[in-house]
Each structure stands twice: as structure tokens, then as C-alpha cells.
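Report on one structure; see the data block that follows.
The values are calculated or read from the model by the stated rules, or taken from the named source; none is laboratory data. A quick note: this is a predicted structure, and the numbers were derived from the prediction, not measured. When we count neighbours, we look across all protein chains shown, and the Cβ atoms used for this are built from the backbone with ideal geometry, even at glycine. Heads up: the accessible areas ignore ligands, DNA and RNA and are worked out on the full protein's heavy atoms, side chains in. Shrake-Rupley method; radii C 1.70, N 1.55, O 1.52, S 1.80 Å.
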Amino acid sequence: MEDCIFCKIANKDIDSELIYEDDEIIAFNDIHPQAKHHVLIVPKKHIPKISDLNENEQDEILVGKMFLIARDIAKERELDGYKLQFNVGESAGQIIFHIHLHLISNG
Ligand code: AMP
Ligand code: ZN
């Protein structure tokens, strides 16, 4: 989608510190980290908010995969504990309207 920063990152029109990539999902470092580890797990498909997800198998699998990728990154980094967070809507602090899962940890 035009004018979406995470679509541009997914298309490589904007650089990011890439952590993971497959056909459907990318993960990269948050530009303003809230902790020692702050990774964003992002589907390549443009979905503005979690509340816009479809009730179909494709979106169910996509969101499930996002959590499994977050788990794998945490495992690879041997994180003791971590937070996984979706901000949904402006009032909850969502500033980028392309869904993303925050993986946040101090190790
Ligand atoms: P949210 O508040 O859930 O919408 O989170 C958006 C996140 O995207 C924030 O933590 C920002 O620091 C991060 N962010 C914004 N622009 C970029 C960028 N170009 N590369 C990496 N992270 C970004
Ligand atoms: Zn987008």
C-alpha cells in the first residue's frame, strides 16, 4: 500500500535492520527500541489493525506464524523472558497502521 512505511520496508524501498524474512513475514529492529531487544514482526500483506483481520484460515495462520517467529527469535537469543504486544487503535498507542507484533525484552 502506498504511503505505508511497513509496506515500504517489506518491499525494500526503505532500509531496516532485518532479522528474519520469508514469503509472508519480515522481522526487523524497532528504530526506537524500548528495551535491549525490540523486534517488530510484520506480515508483508497490508492489514491496518488487528480488528481488520478476516475470519478465515489464511489470516488465522498468518497471525499464528507471527507468534511462532517471535518465539523462535526469542529462543535464538536465549531470552529469559519477553513481552509480545499488539497495539490496536490510536487510543492504545498504535502509530503505524499496518499490523505488527512487538517483541520486547531486556534479556
Ligand atoms: P505502534 O505504536 O504499535 O504502532 O508501533 C510502531 C513502532 O514502529 C514504534 O515502536 C516505532 O518506533 C517503530 N518504527 C517506526 N518507524 C520505523 C522504521 N522505519 N523502522 C523500524 N521501526 C519503526
Ligand atoms: Zn502496509
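Brief remarks follow.
- Residue check, Gln34 touching a residue at least 60 places away in the same chain (Cβ under 8 Å), more than 13 Å from the chain's Cα centre (by Cα) and either within 14 Å of ligand 1 (Cβ to nearest atom) or outside any loop (DSSP other than H, G, I, E, B) (or both): yes
- Members of the range 89-107 found to be surrounded by fewer than 15 Cβ atoms within 10 Å (Cβ to Cβ) and touching a residue at least 12 places away in the same chain (Cβ under 8 Å), listed by number: Gly89, Ile96, Asn106, Gly107
- Checking Ile99 against (1) more than 15 Å from ligand 2 (Cβ to nearest atom); (2) at pLDDT 95 or above; (3) out of contact with any strand residue (DSSP E or B) (no Cβ under 6 Å at 6 or more places or on another chain), the condition it does not meet: (1)
- Residues of the range 44-66 satisfying the condition of being of a type outside the set (Gly, Ala, Ser), open to solvent by less than 80 Å² (accessible area, probe 1.4 Å) and not in a loop (DSSP other than H, G, I, E, B): Ile50, Asp52, Asp59, Leu62, Val63, Lys65, Met66
- When Asp13 is tested against the conditions (1) away from ligand 2 (no atom under 16 Å from the Cβ); (2) free of Cβ contacts under 8 Å to residues at least 24 places away in the same chain, the lone failure is (1).
- Some residue of the range 12-29 being assigned to a loop (DSSP other than H, G, I, E, B), surrounded by 12 or more Cβ atoms within 10 Å (Cβ to Cβ) and among the hydroxyl-bearing types (Ser, Thr, Tyr): yes
- From the options Ile69, Ile41, residue that is surrounded by 18 or more Cβ atoms within 10 Å (Cβ to Cβ), in a helix (DSSP H, G or I) and touching a residue at least 24 places away in the same chain (Cβ under 8 Å): Ile69
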